[in-house]
1. Out of region 106-165, which trypsin sites (Lys or Arg not before Pro) are coil in DSSP terms and have no more than 14 other C-beta atoms within 10 Å?
2. Might you report the magnitude of the Cβ-based charge dipole of region 34-213 about its Cα centre, with Lys and Arg at +1 and Asp and Glu at -1, to the nearest 20 debye?
3. Each residue of region 148-157 in order: what ³J(HN,Hα) in whole Hz does its phi give by Karplus 6.51 cos²θ - 1.76 cosθ + 1.60, θ = phi - 60°, with x for Gly and Pro?
4. Give me a comma-separated list of calculated 3J(HN,Hα) values for region 82-97, in order, Karplus coefficients 6.51, -1.76, 1.60 applied at θ = phi - 60°, integers in Hz, x for any Gly or Pro.
Amino acid sequence: MKLTPFLVGGAALALTAATVTTASAAHDTNPSAKVASYSYSLDPVQMASVPNSQATGKTRIKSLPNGKVQVTVEVDGLAPFLPHAMHLHGVDGSPMDQGCPDGHADTDHDGLTNVLEGLPFYGGILTSLTTKGDMTPSSALALDRFPVADASGHLSYSRTFENAAALANAGTVQVVVHGLDLNGNGVYDFESGPSELGAQFPLEATLPAVCGGIAN
Ligand SMILES: [Ca+2]
Ligand SMILES: [Ca+2]
Ligand SMILES: [Cu+2]
């Protein structure tokens, strides 16, 4: 489903806000037409049968008139005390609505949707949602600079930054949060093997956990 951004004045904001709370993925608006704001639910990527995988949350992406982008992410149900790599995924310079992986993403039928199996859906990495420092795709797995879920598995993130790719694609990106503790032992380990992104990374650290975007 393609949703057309609303461009309305302040008088219509109350109505728009109500629309946002009842839709799983909806654009909302701001009194300034120069501010585009997009809110999405974050839904589990993995099937319900995958242990410790059913986190949920919400995200908001704002493109600000000063050329910056603000991204907020709130997730519940993630692996506690572990860092969670998060990215804006999409297609830089060629805005197209992709989406989050569906039940057909697991092409090797191992029961898990891997990062690379999700790529045809959410696209490549435009921005690494780190807590500090570099935010380019080269920080995609900089686990020492990603937010850490608290003792109850809640992750809260907000950062305002300049990033041309994120700004140009603010309305079409997917937000993907990674990291699942499949065996529930409190660490990312190699019991489930290494990530397809690099033998030094446990698969648990890179598996997509939740995803949200315009098409879901
Ligand atoms: Ca798979
Ligand atoms: Ca583990
Ligand atoms: Cu990602």
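1. Numbers: sites: 132, 145, 159; in loops: 132.
Passing sites in region 106-165 are 132.
2. Working: 8 positive and 19 negative charges, 207 e Å.
Dipole magnitude for region 34-213 comes out near 1000 debye.
3. Here the 3J(HN,Hα) series is 10, 5, 7, 4, 9, x, 8, 10, 10, 9 Hz.
4. Ordered by residue, 3J(HN,Hα) equals 10, x, 10, 4, 9, 9, 8, 9, x, 10, 5, x, 9, x, 8, 7 Hz.
None of the figures in this text is laboratory data; all of them are computed from the coordinates on show. Owing to the predicted nature of the structure, the values given are computational and were not obtained by experimental measurement. Every residue, glycine as well, gets a Cβ built from its backbone with ideal geometry; the counts of neighbours run over all protein chains shown.
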